[in-house]
Amino acid sequence: MFDGWKIIVGLIIFITLATVPFWYDAAAGKGTDAPDIRIETKDVPGRDQCVMPAEYMRSDHMELLNEWRDQVVRGNQRVHVTADGRKYSRSLTNTCLDCHSNKDTFCDRCHDYMSVKPYCWECHLEPEVMK
C-alpha cells in the first residue's frame, strides 16, 4: 500500500533509459557538425544557378522532387517555371544531375549523415558517372 517509492524509482529508471540515446548523441557530437559537401557542378551552358535558392534546396529539395514527380506522372506537366521566369525540365536525371553529377560527394554525404535512405533509385536508373 505504501510502495510509492518503488513507482518513483521505476519511473526514474525508465526516463533515464529512454533518454540515453539523446545523451549519447549529444556527447558524441553527432548532429553538431554538418558533413563536408563538395558541390561539383558541371559547366552546363545557360545554367548559372539552381532551380531554387540554396537554403531552400538544403532543407526542402525532397518536397520539390515529390511535387515534380506528382506533376509529371499524374499531370504531364514537364516544365518548371521559377518566380523570375527561368524554365527547367522537371527531371531528377536531366535537370538536377546535369549540374550535381557526383552522387558520392554531393547526395550521399548528406543522406548518410541524416540517416536518410532516399528511394529515387528505385525508379530512376543511377547514371554510370555517379557510381
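The values are calculated or read from the model by the stated rules, or taken from the named source; none is laboratory data. Just so it is clear, the model here is predicted, and its values are computed rather than measured. Reconstructed Cβ throughout: ideal geometry from the backbone, glycine too, with neighbour counts over all protein chains shown.
Within the span defined as the stretch 101-119, one or more residues are under 19 Å from the mean Cα position of the chain (by Cα), small (G, A, S), at negative phi and surrounded by 12 or more Cβ atoms within 10 Å (Cβ to Cβ).
Residue-wise test of (1) in contact with a helix residue (DSSP H, G or I) (Cβ under 7 Å, 6 or more places away or on another chain); (2) under 23 Å from A34 (Cα atoms).
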residue: L64; (1), (2): no, yes
residue: V72; (1), (2): no, no
residue: D84; (1), (2): no, no
residue: K103; (1), (2): yes, yes
residue: D108; (1), (2): no, yes
residue: P118; (1), (2): yes, yes
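More than 30 Å from S101 (Cα to Cα), of a type outside the set (A, V, I, L, M, F, W, C) and at pLDDT 65 or above: does that describe T41? Even if it seems obvious, please write down each step before you answer.
On the way: more than 30 Å from S101 (Cα to Cα): no; of a type outside the set (A, V, I, L, M, F, W, C): yes; at pLDDT 65 or above: yes.
Here the answer is no, as T41 does not meet what is asked.
Can you name the residue in the stretch 78-119 that is out of contact with any Ser or Thr (no Cβ under 7 Å at 6 or more places or on another chain) and among the β-branched types (V, I, T) and is also modelled with the highest pLDDT among such residues? For the stretch 78-119, the residue satisfying everything is V81. Within the stretch 56-99, the residues that satisfy the criterion of being assigned to a helix (DSSP H, G or I), farther than 22 Å from K117 by Cβ and among the charged types (D, E, K, R) are R74, D98. Those residues that are surrounded by 10 or more Cβ atoms within 10 Å (Cβ to Cβ) and at pLDDT 90 or above, I need them from the stretch 16-26; list them, please. Correct list: T16, T19.
Within the option set G75, G46, G29, being modelled with pLDDT of 85 or more and either on the phi > 0 side of the Ramachandran plot or exposed (fewer than 10 other Cβ atoms within 10 Å of the Cβ) (or both) holds for one residue only, G75.
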